[in-house]
């Protein structure tokens, strides 16, 4: 418990599965689920109200750069709560042929597939805003583990102990692991981020969600704590 509070993550090595699974966060009461859903809807509507002009400008910039025939939005299958698949929506930040061979690839720091507009909207997180629709539909939460692609999840479920437990909750637009660990593109990164994800699942509540939301706003608006 002391290590968890100080590090903000689960210590995996000696972990007893029952100690994790029977923690409060892994057994969500109907009341807690209702409160979290209400939080999601209210925040999603408020953010949409504030950011819709930016979303229109982003769509226009993508259209001007890529031409009339290119799509503005990007749809991709992701793994949600309890392993359920859903279609995630983002502003398209890569070329239309980014995965023309159909093989899932990690995005890298200086990925050549990212367009000029894409570099900017990724840096200021504008590409994520259409996911508010996923939140309103109930596919996602405002706060939660990052939604991953089925190909990666299938691999991690085999190679990383307890990985499936991160799907006890809906994936989030932002989250504890996203704030505490830089973007990673390896198995080792996925293992380390899981420690933060499970800490969130085990300890999540409304106050924790508000704290994560405030820290996310600080990162987006001022670059504080950005990694």
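Please treat every number below as a calculation from the coordinates, not as lab data. What you see is a predicted model, and the numbers here were worked out from it, not measured in a lab. All Cβ positions, glycine included, derive from the backbone under ideal geometry; neighbour counts span all protein chains shown.
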Q. For residue 12 and residue 45 in the same chain, what is the full-extension length gain: residue separation times 0.36 nm, less their Cα-Cα distance, in nm?
A. 8.2 nm
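Please state the relative contact order of the range 16-222 as a whole percent: Cα pairs under 8 Å, 6+ residues apart?
23
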Q: Arrange 191, 148 by Cβ neighbour counts within 10 Å, fewest through most, would you?
A: 191, 148
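Which shape class, rounded, prolate or oblate, goes with the range 115-164 when its Cα gyration tensor gives a ≥ b ≥ c as root eigenvalues, a/c under 1.5 marks rounded, and past that a/b bigger than b/c marks prolate? Could you put the intermediate results ahead of the total?
Details: a/c = 2.90, a/b = 1.54, b/c = 1.89.
In terms of gyration-tensor shape, oblate.
Highest mean first, what order results for 198-207, 57-66 on Cβ atoms within 10 Å? Walk me through the numbers before you get to the answer.
On the way: 198-207: 18.9, 57-66: 15.7.
Ranking the peptides 198-207, 57-66 by packing returns 198-207, 57-66.
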Q) How many angstrom lie between the C-alpha centres of the range 156-193 and the range 31-68? A) 24
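Would you mind ranking 176, 52 so that the residue whose beta carbon has the fewest other beta carbons within 10 Å leads the list? Don't skip to the end; give the middle numbers.
Working: 176 27, 52 12.
By the 10 Å Cβ count, ascending: 52, 176.
Just subtract the alpha-carbon distance of residue 159 and residue 206 from 0.36 nm times their residue separation and send over the number in nm, one decimal. Walk me through the numbers on the way to the answer.
On the way: separation 47, 0.36 × 47 = 16.92 nm, distance 3.22 nm.
So the chain would gain 13.7 nm between residue 159 and residue 206.
Neighbouring Cβ atoms within 10 Å as the yardstick, rank 12, 31 fewest first.
Listed from fewest to most nearby Cβ atoms, that is 31, 12.
Can you bin the range 109-212 into rounded, prolate or oblate? Criterion: square roots of the alpha carbon gyration tensor eigenvalues sorted a ≥ b ≥ c, rounded for a/c under 1.5, prolate for a/b above b/c, oblate for the rest. Mind showing how you got there, number by number?
Details: a/c = 1.66, a/b = 1.16, b/c = 1.44.
Since a/c reaches 1.5 but b/c is at least a/b, the shape of the range 109-212 is classed as oblate.
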Q) Once the Cα atoms of the range 16-222 are picked out, what are the Rg and Dmax in Å? A) 17.2, 55
Q. Residue 64 versus residue 214, label points 7 Å from Cα toward the beta carbon: distance in nm?
A. 3.7
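Assuming a ≥ b ≥ c are the square roots of the Cα gyration tensor eigenvalues, decide whether the range 27-98 counts as rounded (a/c under 1.5), prolate (otherwise, with a/b larger than b/c) or oblate. Show your work: numbers first, answer last.
Values: a/c = 5.49, a/b = 1.69, b/c = 3.24.
Note, shape of the range 27-98 comes out oblate.
So, R0 is 25 Å and r is the distance between the beta-carbons of residue 120 and residue 75; what FRET efficiency does that work out to, to 0.05? Before the final figure, lay out the partial values.
Details: r = 21 Å, r/R0 = 0.85.
Efficiency at R0 = 25 Å is approximately 0.70.
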